[in-house]
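For reference, the structure discussed in these notes is given below.
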Amino acid sequence: MTVLAPVETQADPSFATTLAHGLDVLAAFRNHPGSLSNAELAAHTGLSRPTVSRLTYTLEQLGYVRRDAKGRFVLGLGVLAAAYPVLSALKVRQLARPLMRDFAAYAGGTVSIAMPFGLDFIYVETLRTTDAVPHVPDVGFVSSLAPTAVGRSLLSLFTKDELDAYVARVKAERPDEFDYVQKRTLPDIELCKERGFAVSLGEWRREIFGVAAPLYRTPTGECLSVNCGIPSFRFSAEQIERECGPRILGLARSIRSLVAND
């Protein structure tokens, strides 16, 4: 489950740097959606333009990027094809959908299942019953673990060593988040362990209240959590704590039961 930090990979003789650079090019589209030129990709990745040109040529030949009408690069269908086996192997997605849909109808928000992705989380399933919400994520959406309810619930599943490694990576790679993690994220992780759910009241986005509960760890160590992003006008902060929190804890228990009995 743990993704190697840059400080570790630099000293690892088995680490394939060229491959990593190619993946860095693909990752640039995550933070900068839309089309990108070689010059922009070089700026976003810190790689030289000749290196980026070779990488985009190779990625284009393999179907992972393609050129648009202006000759700029966009992600290709090869990325989606590569992701399909990962998603199809997560049977919890199919099993949990009816329960997630019911919770979305109750909360008037978006219910998702997430997994850790380095210092971030990534949605592997998401459902909503209305588009009348200020934030409409989809499968593949990525955001920081630190300020979110789903991030805190995922981190509550980490071992002590994994959590220590996470904090060390934040300090090294996102020093602007480090103080926040120390003062807000870590205490909320402990609170999540005590009561079974986590909340984030407009900390990630002011207009969104988040509530989440950890699901389980897979046999290979992957962590999963379920969360709901709720427009802040639908519930007060007190209602999120008193009503939505226990309800999403119940949702997590029901999902675990379905998975265990499948």
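The values are calculated or read from the model by the stated rules, or taken from the named source; none is laboratory data. Please read all numbers here as calculations on a predicted model, not as lab measurements. Please note: Cβ atoms are built from the backbone with ideal geometry, for glycine as well, and neighbour counts cover all protein chains shown. Just so you know, the surface numbers come from the protein's heavy atoms only, side chains and all, with ligands and any DNA or RNA stripped out. Shrake-Rupley method; radii C 1.70, N 1.55, O 1.52, S 1.80 Å.
What shape does the chain take by its C-alpha gyration tensor, where a ≥ b ≥ c are the square roots of the eigenvalues and a/c under 1.5 counts as rounded, a/b above b/c as prolate, and the rest as oblate?
It is prolate, given that a/c is not under 1.5 and a/b is the larger ratio.
Just the number, please: carbon plus sulfur as a percent of the accessible area of the stretch 69-127, 1.4 Å probe, no ligands or DNA/RNA counted. Intermediate results must be reported in sequence, preceding the final value.
Numbers: 1810 of 2640 Å².
Looking at the stretch 69-127 in its full context, I get 68 percent from C and S.
With a 10 Å radius around each residue's Cβ, average the other Cβ atoms per peptide and rank 39-48, 64-73, 218-227, 109-118, highest first. Don't skip to the answer; put the middle values down first.
Details: 39-48: 16.1, 64-73: 14.5, 218-227: 19.0, 109-118: 23.7.
The packing order, highest mean first, is 109-118, 218-227, 39-48, 64-73.
When only DSSP loop residues count, what chymotrypsin sites (Phe, Trp or Tyr not before Pro) in the stretch 192-249 have their Cβ near at most 11 other Cβ atoms within 10 Å?
Working: sites: Phe197, Trp204, Phe209, Tyr216, Phe233, Phe235; in loops: Phe197, Trp204, Phe233, Phe235.
The qualifying sites are Phe233.
Considering amide H positions built from the backbone, and no H for Pro or chain starts, which residues 5 or more places from Ile122, or on another chain, come under 5 Å of its amide H?
Counting only residues 5 or more places away or on other chains, the set is Met115, Phe117.
Taking every pair of Cα atoms in the stretch 109-262, average 1/r, invert it to obtain the Kirkwood radius, and report Rg/Rh to two decimals.
On the way: Rg = 14.6 Å, Rh = 15.4 Å.
Here the Rg-to-Rh quotient is 0.94.
Quick one: what does P(r) look like for the stretch 198-255 with 5 Å bins over all Cα pairs, in whole %?
All Cα pairs considered, the percentages come to 4, 21, 27, 20, 14, 9, 4, 1.
Report the residue, chosen from Val86, Val167, Val52, that carries the largest GNM mean-square fluctuation when the chain is represented by alpha-carbon nodes joined by springs under 10 Å.
Result for the chain, Cα springs under 10 Å: Val86 fluctuates most.
Within the chain, how many lysine pairs that are 8 or more places apart, or on different chains, have C-alpha atoms less than 30 Å apart? Before the final figure, lay out the partial values.
Values: Lys91/Lys160; Lys91/Lys193; Lys160/Lys171; Lys160/Lys183; Lys160/Lys193; Lys171/Lys183; Lys171/Lys193; Lys183/Lys193.
Taking the Cα cut-off of 30 Å, the pair count is 8.
Accessible area per residue, 1.4 Å probe, Å², for the stretch 130-262: what's the number? Could you put the intermediate results ahead of the total?
Working: 6340 Å² over 133 residues.
Here the residues of the stretch 130-262 average 48 Å² of exposed surface.
Could you give the length gained by full extension between Arg54 and Lys70, i.e. 0.36 nm per residue of separation minus their alpha carbon distance, to one decimal place?
Values: separation 16, 0.36 × 16 = 5.76 nm, distance 1.90 nm.
In short, 3.9 nm is gained.
Tell me the mean residue ellipticity at 222 nm calculated for the chain from its helices only (DSSP H runs of n ≥ 4, each -39500 (n - 2.57), averaged over every residue, nearest 500). Show your work: numbers first, answer last.
Details: 11 runs with 122 residues, N = 262.
Counting only the DSSP helices, I get -14000 deg cm²/dmol.
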